[in-house]
Amino acid sequence: MVNRKTFLKIFLSSFGLFIFFLWGKLTDNILSNPANKKQVVLPNDFSNGITLHDDLIVIKNNDKLRILSSRCTHLGCRINNVNENILTCPCHGSQFDLNGVPVTGPAAKNLTELKFKIDLKQNQIIIFT
């Protein structure tokens, strides 16, 4: 038979785990919701090729669109040079391919690929940064 003290320990532990689990689910939904992130809106009129736009690298190949952060994963410098489909960081010479994968260091991590949606009615690209 379980006494009151043991029952309360089990009950409060179970209740605490339930709240911990529920809190994790709630905060995951809030943090992963794109509406809670900063948005950048650009016109949907990019031609094929690579466009450097502030903190963004827009890569368009016919109907395919990829948007990368222009911040180098080494020290955060802004990538501002594209030569023969290689993105080059001016600070320490890290180079990335058009998928954001490092070709030469010192950067070891991929460039961040940003999520976006295309609003055909407004002819805009909404980018979640």
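Read-outs: derived from the displayed coordinates by stated rules, not from any lab. Keep in mind the model is a prediction, meaning the values are calculated, not measured. Neighbour counts run over all protein chains shown; Cβ positions are idealised from the backbone, glycine included.
If you only keep lysine pairs separated by 8 or more in sequence, or across chains, how many in the chain come under 17 Å at the Cα atoms? Write out the running numbers ahead of the final one.
Numbers: 37/115; 37/117; 38/115; 38/117; 60/115; 60/117; 64/115; 64/117.
So the count works out to 8.
Go ahead and set up a Gaussian network model of the chain, Cα springs under 10 Å, then flag whichever of 18, 96, 116 fluctuates most.
Largest GNM mean-square fluctuation: 18.
Please check which bits of segment 51-75 a label hung off residue 120 would reach, taking the label as a point 7 Å along Cα-to-C-beta and the cut-off as backbone N under 17 Å.
Inside the label zone: 63-65.
Determine, at each q value in 0.09, 0.22 (inverse angstroms), the log₁₀ of I(q)/I(0) that the Debye formula gives when each Cα of the chain is one equal point scatterer.
-0.42, -1.20
Springs between alpha-carbon atoms under 10 Å, Gaussian network over the chain: tell me which of 50, 79, 19 tops the mean-square fluctuations.
Maximum fluctuation in the GNM of the chain, among the listed residues, is at 19.
Where does the charge balance sit around residue 11 when Lys and Arg score +1, Asp and Glu -1, over other residues with C-beta under 14 Å from its C-beta? Mind dumping the intermediate values first?
Working: positive: 4, 5, 9; negative: none.
Counting the neighbours of residue 11, the net charge comes to +3.
Where does helix 4-32 land angle-wise versus the long Cα axis of the chain, in degrees 0 to 90, nearest 10?
Between the helix axis and the principal axis of the chain, the angle is about 20 degrees.
Give, in nm to one decimal, the length gained when the segment between residue 110 and residue 128 is fully stretched (0.36 nm per residue of separation minus the Cα-Cα distance). Don't jump to the answer; show the numbers that get you there.
Details: separation 18, 0.36 × 18 = 6.48 nm, distance 1.77 nm.
The residue 110-residue 128 span can extend by a further 4.7 nm.
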